[in-house]
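Below: the structure, in structure tokens.
Just so it is clear, none of the values below were taken in a lab; they were calculated from the coordinates. Worth saying up front: this structure is predicted, and the values here are computed from it rather than measured. All Cβ positions, glycine included, derive from the backbone under ideal geometry; neighbour counts span all protein chains shown.
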Amino acid sequence: MKIIVRDAPPRAVWALEQAGIHPLLAQLYAARGVQDPLELDDALAKLLPPASMKGSAEAAQLLADAIRDDKKLCIVADYDCDGATACAVGVRGLRLLGARHVNYIVPDRVQDGYGLTAPITERVKASGADVLITVDNGIASFDGVARARALGLQVLVTDHHLPALRDGQVALPDANVIVNPNQPDCNFESKSIAGVGVMFYVLLALRAELRQRGVFTAQSQPKLDALLPLVALGTVADVVKLDTNNRRLVAQGLKRVRAQALPVGLAALFVAASREASTATTFDFGFALGPRINAAGRLSDMTLGIECLLTDDPGRAQELAKALDAINRERRDIEGNMREQALLVAESLFEDAAEAPPAICVFEADFHEGVVGIVASRIKDKFHRPCFVFASSGATGHGHELKGSGRSIPGFHLRDALDLVAKRHPGVLLRFGGHAMAAGCTIAEEHFEAFEHGLSEVAQEWLDVATMTRRLDTDGALKPEYRRPDLVDSLHHEVWGQGFAAPTFSEELEVVSQRLVAEKHLSLKLKHRGEPVDGIWFGHTEPLPNRVKLAFRLDVDSWRGERRVRFLVEAAELPAQT
């Protein structure tokens, strides 16, 4: 582990301080690329304009015509939290804007696979729909879109994933309208917007179109800001980069949650997760609520999650939130068992983590398809290598198929790596897609070793020692005057997440004493600038030397009515073994 200190350009720090920003926050923001105080203005009026998103105007016209003609709309959702929140935002928003017939269908992870398939399209048609709207999927669904058009459905694709490549060229499905900031010739600046954000922007464009048609005035138009708590949840849970526009969406959602202006389903999820909505943070979205929604899509039926986000009945919301909490507990048990198995398989490939191969592939016959992505993420974190974990999806025309989910490390574009494997080893990959850091694929079981060899071959070529060395970017030493509970509270109140990391400090500390807690956590008594402070390193059991460079986050612990700052240790930079 190499602990690195981020650079905070002095000029940017000074400009932020001159705007009245606390010196610590000014340093943190500058180190994350903020140069102008205007970038921190989270007002709704500062959001990027919907008109700059290619296809939004055409989507607004299509939907406005459908509402005028009283057509039946059906949303095809995805089975993760981004897809669930995008679906709920779509249903709620379209109803607010006058659509009387809005339904949704969510694919089953095991039965239907990912995206808009031809069988799902036929289910949409059988439901009586006239217009099919995808959320968080569809950009690579060529067969599903073609079938929908053949059945006479109008198709609106809203997505944020990268388009498919065919013979090295971007290919798009033949939908009536596509709204996706990552399609060619789209000038929307926030390429990292989540699927739920794309749907929210389509609704903003639709409201503007309806206003132009005289359906609403500026005074009578529905307020779409009620949807922002769902937009914020999906954005954080999908781990998209929190660029300036995404931070504004999340900040606006958090403000409404803290003011108790949130759907009853979200409120019930806060209760089920034992979190307080009044002090909600991005951590709550990413690690408490998001996993409970995701669990439904992984182990059960995402309809449960979507219904929880759609209901306005507090009693029903409470029932659904409890059901989602129970499913999430089951997910944690399954994931824990799978993770142990997968780590044993991975560790059997090499004696030491430092000797790990450039890419890791794991398959066990009893793995659960719903949690392979989480397990891949855990293995990637442990060994700092790109990793794919596979589960069996049963027999098909290609024999026994395996579905794999992969996670990557900085410097290794996973989707591009799969594309190269497919070119070098024709026929091994049946289907694949994804992003730089996360991707999925389907292979025949008999081709597992060929895939493993092909991916390792690409990783060997693309990765060097520096890339395969784990590094942690931090904000350097913490001034003792900043070690205050009220200041920690202020830090927690800010919007942090992917690409805009929560503050992590690092410096050499004296370890006064250490002991194991519950046999899996290291409890520490530390000295920071000569003063005692408690620390804990969750999930770590190896003892530390008396003086060591630690990376740590700040937390507030309450003991007998006294609130004290403690250090949550993230990593240690130990001297090299000689």
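How high is the relative contact order of the range 471-573, in percent, with contacts defined as C-alpha pairs under 8 Å that are six or more residues apart? Let's see the in-between values first.
Values: 192 pairs, mean separation 26.7, N = 103.
Relative CO of the range 471-573 lands at 26 percent.
Once you charge only the Cβ atoms, +1 for Lys and Arg and -1 for Asp and Glu, what is the size of the charge dipole of the chain about its Cα centre, to the nearest 20 debye? The partial results should precede the final answer.
Working: 65 positive and 76 negative charges, 308 e Å.
In debye, rounded to 20, the chain gives about 1480.
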- Amide H within-cut-off set for Arg563, under 5 Å, with H built and near neighbours excluded: none
- Over the chain, calculate the relative contact order: mean separation of alpha carbon pairs under 8 Å at least 6 apart, over the residue count, as a percent. 12
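Applying 1/(1 + (r/R0)^6) with R0 = 25 Å to the Cβ-Cβ distance of His453 and Glu330, what FRET efficiency is obtained, to the nearest 0.05? Could the numbers behind the result be given before it?
Working: r = 35 Å, r/R0 = 1.40.
After rounding to 0.05, the efficiency reads 0.10.
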- Query: Whole-Hz Karplus ³J(HN,Hα) for the range 57-69, in order, using 6.51 cos²θ - 1.76 cosθ + 1.60 and θ = phi - 60°, x for Gly and Pro?
  - Reply: 5, 5, 5, 4, 5, 4, 6, 5, 5, 5, 5, 4, 8
- Message: What are the ³J(HN,Hα) couplings of the range 297-305, residue after residue, when phi is run through the Karplus curve with 6.51, -1.76, 1.60 and θ = phi - 60°? Round to Hz, x for glycine and proline.
- Response: x, 7, 10, 10, 10, 5, 3, 4, x
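Hey, got the dipole for the range 349-462? About the Cα centre, +1 on K and R Cβ, -1 on D and E Cβ, debye to the nearest 20? Provide the component values of the computation, followed by the final result.
Values: 10 positive and 16 negative charges, 100 e Å.
Computed charge dipole of the range 349-462: roughly 480 debye.
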- Item | Alpha-carbon centroids, the range 430-509 and the range 1-40: separation in whole Å | 22
- In range of the label at Ser523: residues from the range 537-578 whose backbone nitrogen is under 17 Å from the point 7 Å along Cα→Cβ: 537-544, 556-562, 564-569
- Message: Cut-off under 18 Å on the C-alpha distance; same-chain residues fewer than 8 positions from Lys72 excluded. Which aspartates and glutamates are left, in chain and number order?
- Response: Glu122, Asp130
- Item | Distance from the range 64-113 to the range 173-224 (C-alpha centre basis), Å | 15
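Work out the FRET efficiency for Glu562 and Ala365 from their Cβ-Cβ distance, taking R0 = 56 Å, and round it to the nearest 0.05.
0.60
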- Exposure proxy check on Lys255, Lys54: fewest-to-most Cβ neighbours within 10 Å is Lys255, Lys54
- Message: Report for the chain the percent antiparallel among DSSP-assigned beta bridges with both residues inside it, nearest 5.
- Response: 65
- Task: Let me see the pair-distance distribution of the range 134-232: every alpha carbon pair, 10 Å bin width, integer percents in order.
- Result: 15, 38, 33, 13, 2, 0
- Task: For Ile75, list long-range residues whose amide hydrogen, built 1.01 Å from N in the peptide plane, is under 5 Å from its own amide hydrogen.
- Result: Asn103, Tyr104, Ile105, Ile133
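Counting other beta carbons within 10 Å of each Cβ, put His384, His521 in order, fewest first. Write out the running numbers ahead of the final one.
Details: His384 19, His521 15.
The most exposed by this proxy come first: His521, His384.
Roughly speaking, what is the stretch gain from Asp108 to Met1, that is 0.36 nm per residue apart minus the C-alpha to C-alpha distance, in nm to one decimal? Before the final figure, lay out the partial values.
Values: separation 107, 0.36 × 107 = 38.52 nm, distance 4.00 nm.
Value of the extension gain: 34.5 nm.
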- Pairs Lys2/Lys54; Lys382/Lys423; Lys46/Lys380: which exceed 32 Å Cα-Cα? Lys2/Lys54; Lys46/Lys380
- Message: In the chain, if the dipole is taken from +1 on Lys/Arg beta carbons and -1 on Asp/Glu beta carbons about the Cα centre, which of Ser220, Gly406, Leu478 is farthest to the positive end?
- Response: Ser220
- Message: Which of the three applies to the range 471-573, rounded, prolate or oblate, going by the alpha-carbon gyration tensor with a ≥ b ≥ c and a/c under 1.5 meaning rounded?
- Response: rounded
- Please give the FRET efficiency for Gln221 paired with Leu344, using the beta carbon to beta carbon distance and R0 = 41 Å, rounded to the nearest 0.05. 0.10
